[in-house]
Amino acid sequence: MPDTFDSRNRPHLSIDLFRETSAYKFPPRNLGRKPRRNDHAAHAATLLQQLDSSLGNLPSPGTDLRLSIQGLKPGTVVEVTTATPPENSRVKAVRVPATLEFPTQDVVVLRSQRNENRTESALLFIPDEARTFLKRRISAYGEDHGDDRPDVERFEVIEAIRKIAVETLFTGGVDLNVPDQFWWELWIREPGVSARQLADAARSANIEVHADRLIFPETTVLFFHASAAVLAAFAETVPGAVTEIRRATGTIEPFLERGATGIGQHDWVEELAGRVTGPVEGAPVVCVLDTGVAAAHPLLAPGLHGAWAYDAAWGVDDHYANGGHGTPIAGLVLYGDLDPLMNDARDVRLTHGAESMKLLPPRGFPPTQPPSYGVVTQGAVGAVEAERPDALRSFCLASSTTDFSPSRPSTWSGALDQIASGSMPGDESGIPAAQRPKRLIVVSTGNVAGGMQEDVLPSQPIEDPSQSWNALTIGGFTRKEQAPTPPPVMHPAVPANHRSPYSRGTCLLPEDLTPIKPEVLFEAGNMVADAAGFCGWDPAVSLLSTGADVVTEPLVPFWATSAATAMAGNFAGRLQAAHPDLWPETHRALTVDSARWPEPIRKKFIGTGAHWKTGTKTEKQQKLREFGYGVPDIERAMLSAQNDATLVAQAEIQPYTTGNDGRGGVFNEMHFYDLPWPRAALEALENEVVSMKITLSYFIEPNLTGKAATRPETYRSFGLRFAMKKRNESDARFRSRITASQANPGSEVDEEASYWLLGPKAIQAGSLHCDLWRGLAIELAGHDSIAVYPVGGWWKSHVGQRRITDKARYALVISLSAPGHNVDLYSEIETLVDAKEAEVALTVTGGAGLRGG
């Protein structure tokens, strides 16, 4: 039989041998700037008056109620706000300058936020001893120095300085008159301030302080149990120590408003169980962090490799009512949707196993203390790995909370970022950063509840902790549109192959400060709507999975992004089984690379011929923030085809090094890939439409501070970007352009910009960056090189952490697709890979399904 060009029967190709490391020097910036003001003297006078008013008089001896804490200077916290941008300006916001701080004087920004009028505000701590210094600097800014005005970049954009009320420290608002006691998160500025001494001081004030804490490079999160008023009074005695106060996470019981409908077909279960063979010894596992599991279920027993609870007193069984929650997730993780398997007669061999770690306490048990799911999730992960330390595993988390805004990192999302990057307590142990254990985590966007269609169907913001940079955030789509049998007459809320009504996104979040989430969509089921337009769940448009009540209801309907995340867990397990030697960062990249939009969604992106649909890059990013990069295809993630080839690189990189002065950090190196490119095949296709997808994936170590909300570079340990060589561009010009693009982010030749979905101006937060090129084959033939280069992060800027010379690692995936064409892109690339291997006289064996070294 002749080859079918789109048959997936070829291993992906490694391009590691094509990598060249080059020294990277950040170019000098063009310092020419247009002044924002022509009244600097008056502006300085206004700032001085506002500063005096905000600071007030120093306390007289014997009346100072501020506590003495190691590392904390006596001082005052004020709020600074930037000027509004000009009316016609396209700038997203006037940012609080990073240079506003004077670290040697301990004048530091505690927290910053983006305002609706495109200004930013920050809480600025000013020690008593620095008052004169700061006033002197503002005065000098207002004096006439000709063209060399000092500190203009610091003060020119500042519009107002105000005194703050203690309530400002609370995130999300607070009523100090409520006498009830709650658990609170206090974000302590450490290592500058001693969190231990501050906790001791709070205990001396009769405030309960929990022994558990979360530790980030520059923040220690303590948990206090007190009323808001008591907590506020304590915070006033330690100004500058606390960057923000948040209510500790309350309940995260999963959305599962289930009716009485059950399936309970024991014969189906027995018949399928008889066709199941468990995974091979040493197969990867997916650990479900949820409500426990019915371990005796006949369909789960062959693949369940362990069940535990965060608190042993809870037991390991699934305590959730109406069929359970952890048990249906485990069923979907092992099998996917059971519906097609029940209607099949073929044998089923599991490629991977499942584990269960009960994260949520059963009814009747007190909430975990403190009620912080950052602490609990890290503890649960550590406990699982202690039980089975050598297992290759990923983690599945299908719970969320609305307690915190997803527009900024939380302690829970930050804890997930630590888990993924191998930087949670216990991971470090003197191991270099690039070699610490990395973990793939799939997490749900959170769910939209039922209601009227006009309220349910528009995209709504994701829920905490799905804003995690390193986690793979899962949204939902649906192919299910079979309406239930009337009466009453119901119809699907959305047609097949559309975004599921349950799914959330990031359309309403600031695109320059938050990652594109969700990255991918999996089946989440549909809703049904009645004649009045009310939407709700129904078993007819849900998935089928294993139920916790094995005796009376072993099969249950399951739906929403919990189901989608479980389906993503199934995908991750199968992909890790096919490529056990690849990194978690690479598994994440391959998942996103394999994703395609179903046809109704695809039409929102792609116009006629070779062109993307008309619209601005911002509008296209808004669509991505609703639909992600599409629905992953497991066959595409595992294998290439002749007309659809995937190239994979895995590499360590040292982004920064110590500068010549021996003190500060500077950029260190970048990677160039002279790609094995199917130029002849592409030129032969000439004016046929082809596409290319590039995905760069890495895991950052989070630095959870109050500034992370508006300054992503202070949250990430390091950052990377990619740039592609242009058609007919020389190697020398390409390399020099990468440097130029750093001097002017987003610079690109206009005539080539339209081929990219997003283009280089779409710099977003996050640790996964993906873009798609679509155009004529003859145009793509010349794009045969790519560079990976560093951008800023706290390893570079926060010298006191002593991480400047740390190494990081990344995965780069490039796929070339000519769907529907009888063209062999793969063989031309493979020939070049073979020649490179011969040239270096080296063969490196990759993971299963990966060629080259």
Residue separation between H491 and A532 times 0.36 nm, minus their alpha-carbon distance, gives in nm 13.6 nm
Note, region 471-479: 3J(HN,Hα) by Karplus (6.51, -1.76, 1.60, θ = phi - 60°), whole Hz, Gly/Pro = x, goes 6, 8, 8, 10, x, x, 10, 8, 9
Relative contact order as a percentage, the chain, C-alpha pairs under 8 Å and 6+ apart, gives 16
Rounded to the nearest 0.05, FRET efficiency between M452 and F182 (Cβ-Cβ, R0 41 Å) equals 0.80
Placing +1 on each Lys and Arg Cβ and -1 on each Asp and Glu Cβ in the chain, then taking the dipole about the Cα centre, the residue among Q49, Q576, H305 whose Cα reaches farthest towards the positive end is Q49
Residue-normalised 222 nm signal for the chain, counting each DSSP H run of n ≥ 4 as -39,500 (n - 2.57), nearest 500 deg cm²/dmol, is -7000 deg cm²/dmol
Residue separation between A383 and E271 times 0.36 nm, minus their alpha-carbon distance, gives in nm 36.8 nm
In order over region 357-363: 3J(HN,Hα) from phi, Karplus 6.51/-1.76/1.60, θ = phi - 60°, whole Hz, x for each Gly or Pro, gives 10, 6, 9, 10, x, x, 4
Listed by chain and number, the residues whose amide H is under 5 Å from that of V348, excluding neighbours fewer than 5 places away on the same chain and using placed H, are V276, T277
Ranked on Cβ counts within 10 Å of their own Cβ, fewest leading, E190, E355, E20, E553 go E20, E553, E190, E355
FRET efficiency (A313, T132; Cβ distance; R0 41 Å; to 0.05) is 0.10
Rounded to the nearest 5, the percent of DSSP beta bridges in region 266-594 running antiparallel is 35
In debye to the nearest 20, the charge dipole size for region 775-842, taken about the Cα centre with +1 at each Lys and Arg Cβ and -1 at each Asp and Glu Cβ, equals 860
About its Cα centre, the chain carries a charge dipole, from +1 on Lys and Arg Cβ atoms and -1 on Asp and Glu Cβ atoms, whose size in debye to the nearest 20 is 2000
The farthest towards the positive end of the charge dipole of the chain, of the residues L440, N497, P406, given +1 on Cβ of Lys and Arg and -1 on Cβ of Asp and Glu, is P406
Expected sort for R504, R162 with the fewest Cβ neighbours (10 Å cutoff) up front is R162, R504
With +1 on the Cβ of every Lys and Arg and -1 on the Cβ of every Asp and Glu, the dipole magnitude of region 40-156 about its Cα centre, in debye rounded to the nearest 20, is 360
Stokes-Einstein D for region 182-247 (10 °C, 1.306 mPa s, Kirkwood Rh from Cα pairs), in µm²/s, comes to 138
Of the convex hull enclosing the alpha-carbon atoms of the chain, the direction-averaged projected area in nm² is 38.8
Percent relative contact order for region 40-156, counting Cα pairs under 8 Å at least six residues apart, stands at 31
Flagged as over-length at 24 Å C-alpha distance, from K725/K807; K617/K707; K438/K807, the pairs are K725/K807; K617/K707
antiparallel share of DSSP beta bridges within region 322-478, to nearest 5, in %, is 10
Simple SL model, points at 7 angstrom along Cα→Cβ for E167 and N38; separation in nm is 4.2
Along the dipole axis of the chain (charges at Cβ: +1 for Lys and Arg, -1 for Asp and Glu; origin at the Cα centre), the most positive-end residue among I158, G374, A808 is I158
The lysines whose Cα lies under 24 Å from the Cα of K34, excluding any fewer than 8 residues away in the same chain, are K92, K761
Here the residues of region 642-661 lying in the modelled label zone of D581, meaning backbone nitrogen under 15 Å from a point 7 Å along Cα-to-Cβ, are 648-651
Counting only DSSP beta bridges with both partners in the chain, the antiparallel fraction in percent, to the nearest 5, comes to 75
Note, region 669-677: 3J(HN,Hα) by Karplus (6.51, -1.76, 1.60, θ = phi - 60°), whole Hz, Gly/Pro = x, goes 8, 9, 10, 10, 10, 7, 6, x, 10
Pseudo-spin-label distance E619 to T99, built 7 Å along Cα→Cβ, given in nm, is 3.8
Footprinting proxy, K73, K725: sorted fewest to most Cβ within 10 Å, the residues are K73, K725
Expressed in nanometres to one decimal, the distance between label points 7 Å along Cα→Cβ at K603 and N660 is 6.1
Counting sequence-distant residues (5 or more places) and residues on other chains, those with an amide H built under 5 Å from that of A309 are K358
Once normalised by the length of region 266-594, the mean sequence separation of its alpha carbon contacts under 8 Å that are 6 or more apart gives a contact order in percent of 21
With region 309-465 reduced to its Cα atoms and the Debye formula applied, log10 I(q)/I(0) at q = 0.09, 0.12, 0.17 1/Å amounts to -0.38, -0.67, -1.22
Which residues qualify? For E523, with a placed amide H closer than 5 Å and at least 5 residues away or on another chain, they are F477
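Taken together, the values in this text are just the output of simple stated rules run on the coordinates, not laboratory data. Please read all numbers here as calculations on a predicted model, not as lab measurements. Ideal geometry is used to build each Cβ from the backbone, glycine not excepted, and the neighbour counts take in all protein chains shown.
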